[in-house]
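**Q** Sharing a structure below in structure tokens format, with a few things to ask.
The values are calculated or read from the model by the stated rules, or taken from the named source; none is laboratory data. These figures come from a predicted structure and were not determined experimentally. Neighbour counts are summed over all protein chains in view; Cβ atoms, including those assigned to glycine, are modelled from backbone coordinates with ideal geometry. Heads up: the accessible areas ignore ligands, DNA and RNA and are worked out on the full protein's heavy atoms, side chains in. Shrake-Rupley method; radii C 1.70, N 1.55, O 1.52, S 1.80 Å.
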Amino acid sequence: MAIHAESATAAAPDLSPYRTDYTSWKILAWTGPVFLFAVFVLWGIVAHNMPPFPPSATPEQVKAHFHDFRLPLLIALSICVTMTAFYMSFSVAVARVMERVEGPNGLLSKLEMMGGTITCAPVMVTLAIWLTAAHEVDNLTPGIMHMLYWMGWLLFDLAYFVTSLQIAAISIVFMRDRREKKLVGQFVIWWGWVTFASFFAVSAIPFVTTGPLAFNGVISFWIAFFTWFIWIPSLSYYIIRAVDRIKAEDEAAGRVND
Amino acid sequence: MSTISDTEVVTTDDRVTPRRLPGVDGVWVAIGADSVIFAILFASFMQARLHNPAVFEASRHTLNMNLGGIDTLVLLTSSWSVALAIQALKRDLIDRVPRYLLGGALTGLMFMVSKSIEYFEKFAQGIRPATNDFYMWYFTLTGIHLLHVVFGTSLLSYLWVRSRRRTYHSLQRVVPECVASYWHLVDLLWIVIFPLLYLQKAA
Amino acid sequence: MSVLRERVTMVWLGLMVLTCVTTWGLSKDLFIPAVGVVGIFSIAAIKVSYVMLDFMELRYAPIPVRSAFQAWPVIVAAMILGFWFATPSLT
């Protein structure tokens, strides 16, 4: 296992002759918790997804649900589609921190950035599908409403592996950090692995409508989502602090080009 | 007389050693998280059972208790074998380590075979996860546990191969310790799952 | 290293015996359900404890970690039994 030791005194070609914009970097790191807040409050609470409306619901029940909550759904889902972009900006910030361990242009930091960015796609499309269902509820048959509801969940859930790869890349790189005090703490690295493992259970959702593996069940929803929900702010905490630590390292090595 | 408190060190007849966790600290985060997750699943199961005790009891009777009990004995033996491997490693008895790891892996394999037989028995009786809530929980809990067994057995097999090349010794035992700790988790989870599903008689 | 004299071997023997007691003893109709169930889950908690202390070596771990893990079998057993007693009887 090749480990790139990034000592504070080694030359870092990507910094010279360009200035590192630590401020923007830190702002991007903060978009992680902002994303989580948006998804948790808007999609989770306002859009009535904690817990989600059951997979066992009939087409008529699904239509009635979207009809009853049409306004909060329109508001929450529309804003959430837009704010999902923050997961992408967060991923860019994380990739830059990873490069300080892996080296500039590293493979895993690229994988992470792609993984985090592509995660936005199923999330945004799903939210837009449900937004459409709410918007058009009075024009659509119960059958179509049921289809849109399921389409959203199947896309939202089953695209998990893009996020899994992002999480794995982060855990691997930060495990290899040779600093005495690692940029990212052990808890977050290993919680990443717990999250990675928990996602696989979600593959069961097409086959069940009740019980722990259904998309509203204790495993496929509560555990799979909350391990990720805990991971995002925990990682963000270390990434935000890492930007400051890296700035201090750069200054100590005389590498700040202002 | 030692002036260091018992919270920091362990005092045995011949030496004083600082308290430590086997392997790396991070693996204990994963073990802790997995334990909490399973505890949540056990609570969820009991909650489902609360609403349907008759169905749960009737379905429970179709489970093979003897096979389940034997599974427990097999997994306990597996854990014991792996624990012996770590003890041997600590004392640099390198030649004995492979056989204990192999014992662990083979008993893991035995568990997998036994579970497969049990599942096939159920399928032959026309029982599926979707048959009722109890069976959904039975297949889910034992299934997720089985995945843990498969993963653990693979890790033990990997360790066995490397131990035969004398890769590990008392000063190089982090990876075996991590795997061993994980394996003991797999064992202790079954210690709860078995009575929860198989032995828990209704009032 | 004599396997027979190792602590883990003694623990293993105890665990094997306790398993037989619960699987082929306490679960039988000799005991009323409440006694059987309380016995079975108390023993399960004890078995988990020994696996944690002697197989996982938590006996020699930092006290906070050891305490956190040792709380698990107690909480889990209490939770299961709590639910069991709250569940309506079939008779």
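**Q** Give me the 1.4 Å probe accessible area per residue for the range A:105-258, excluding ligands and nucleic acids, in Å².
**A** 40 Å²
**Q** Over chain A, how many pairs of lysines fall under 26 Å by alpha carbon, counting only those 8 or more apart in sequence or from different chains?
**A** Count of close lysine pairs: 9.
**Q** Which value in nm describes the separation of the simple spin-label points at B:Glu121 and B:Arg165, placed 7 Å from the Cα toward the beta carbon?
**A** 4.1 nm
**Q** Sticking with this one: Rounded if a/c is under 1.5, else prolate if a/b beats b/c, else oblate: with a ≥ b ≥ c from the C-alpha gyration tensor eigenvalues square-rooted, which is chain A?
**A** Values: a/c = 3.06, a/b = 2.14, b/c = 1.43.
Verdict is prolate for chain A.
**Q** Determine which aspartates and glutamates satisfy two conditions relative to C:Lys47: a Cα distance under 13 Å, and not lying fewer than 8 residues away in the same chain.
**A** B:Asp187
**Q** If you don't mind, there's one more thing I want to ask. Rounded to whole Hz and in sequence order, give me ³J(HN,Hα) for the range A:70-77 from the Karplus expression 6.51 cos²θ - 1.76 cosθ + 1.60, θ = phi - 60°, writing x for Gly and Pro.
**A** Each residue of the range A:70-77 in turn: 3, 5, x, 5, 4, 5, 4, 5 Hz.
**Q** Which whole-number percent gives the relative contact order of the range A:170-236, counting Cα pairs below 8 Å spaced six or more residues apart?
**A** Once divided by the residue count of the range A:170-236, the mean separation gives 27 percent.
**Q** While we're looking at this one, here's another question. Leaving out same-chain residues fewer than 8 places away, which aspartates and glutamates sit with a Cα under 17 Å from that of B:Lys122?
**A** Cross-link targets: B:Glu57, B:Asp71, B:Asp133.
**Q** Given Cα pairs under 8 Å that are at least 6 residues apart, what percent is the relative contact order of the range C:3-86?
**A** 27 percent
**Q** Additional query: Taking only Cα atoms, what is the 0 to 90° angle, nearest 10, from helix B:133-164's long axis to the longest principal axis of chain B?
**A** It works out to around 30 degrees.
**Q** Rank these by accessible area, largest first, 1.4 Å probe: A:Val162, C:Val8.
**A** A:Val162, C:Val8
**Q** Now for a different question. Rank-order A:107-120, C:10-23, B:53-66 by packing density, defined as the average count of other C-beta atoms within 10 Å over each peptide's residues, highest first. List each step's numbers first, then the result.
**A** Values: A:107-120: 20.2, C:10-23: 18.0, B:53-66: 15.9.
Most protected by this proxy first, the peptides run A:107-120, C:10-23, B:53-66.
**Q** How big is the C-B contact in terms of buried accessible area, both chains counted, 1.4 Å probe, rounded to the nearest 100 Å²?
**A** 4700 Å²
**Q** Calculate the mean, over all residues of peptide B:76-89, of how many other protein chain Cβ atoms lie within 10 angstrom of the residue's Cβ.
**A** Details: counts 11, 3, 0, 8, 12, 2, 2, 11, 6, 0, 3, 7, 3, 0.
Mean number of neighbouring Cβ atoms from other chains: 5.
**Q** Something else: Relative contact order for chain B: what percent, with Cα pairs under 8 Å and sequence separation of 6 or more?
**A** About 31 percent, as a whole number.
**Q** Which FRET efficiency value, to the nearest 0.05, is calculated for C:Met1 and B:Thr11 with the Förster distance at 22 angstrom and r the Cβ-Cβ distance? Mind dumping the intermediate values first?
**A** Numbers: r = 22 Å, r/R0 = 0.98.
E between C:Met1 and B:Thr11, to the nearest 0.05, is 0.55.
**Q** Interface B/A, total buried accessible area with a 1.4 Å probe, nearest 100 Å²?
**A** Buried surface at the B/A interface: approximately 1200 Å².
**Q** What angle, in degrees between 0 and 90 and rounded to the nearest 10, separates the Cα long axis of helix A:107-135 from the longest principal axis of the Cα atoms of chain A?
**A** 20 degrees
**Q** Tell me which residues come under 5 Å, amide H to amide H, from B:Val10 once H is placed; ignore anything under 5 positions away on its chain.
**A** B:Thr17, B:Arg19
**Q** In degrees, nearest 10, range 0 to 90: what is the angle between the Cα axis of helix A:142-158 and the longest Cα principal axis of chain A?
**A** 20 degrees
**Q** Let me ask something else about it. Excluding same-chain residues fewer than 8 positions from B:Lys201, which lysines have a Cα within less than 17 Å of its Cα?
**A** Within the straight-line cut-off, B:Lys201 pairs with C:Lys28.
**Q** Right, another one. Provide the net charge surrounding B:Gly108, with neighbours chosen by a C-beta distance below 13 Å and charges set as Lys +1, Arg +1, Asp -1, Glu -1.
**A** -1
**Q** Say each of B:Thr62 and A:Ala248 gets a label point 7 Å from the Cα, pointing the same way as Cα to Cβ; how far apart are those two points in nm?
**A** Using points 7 Å along Cα→Cβ, the separation is 6.3 nm.
**Q** If I take R0 = 25 Å and measure r between the Cβ atoms of A:Ser24 and A:Arg241 in this structure, what FRET efficiency does the formula 1/(1 + (r/R0)^6) give, to the nearest 0.05?
**A** The pair A:Ser24/A:Arg241 has a calculated efficiency of 0.95.
**Q** With label points built 7 Å along Cα→Cβ from the Cα atoms of A:Leu71 and A:Phe226, find their separation and express it in nm.
**A** Between A:Leu71 and A:Phe226, the simple spin-label model gives 3.2 nm.
**Q** Please report the carbon-and-sulfur percent of the accessible area for the range C:3-86; probe 1.4 Å, protein heavy atoms only, DNA, RNA and ligands left out.
**A** Details: 2850 of 3800 Å².
C and S fraction of accessible area: 75 percent.
**Q** Averaged over peptide B:30-39, how many Cβ atoms belonging to another chain are found within 10 Å of each residue's Cβ?
**A** That works out to 6 on average.
**Q** Would you mind calculating the gained length between A:Val46 and A:Ile144 on full extension (0.36 nm times residue separation, minus the Cα-Cα distance), in nm to one decimal? Before the final figure, lay out the partial values.
**A** Numbers: separation 98, 0.36 × 98 = 35.28 nm, distance 2.33 nm.
Contour length minus Cα-Cα distance gives 32.9 nm.
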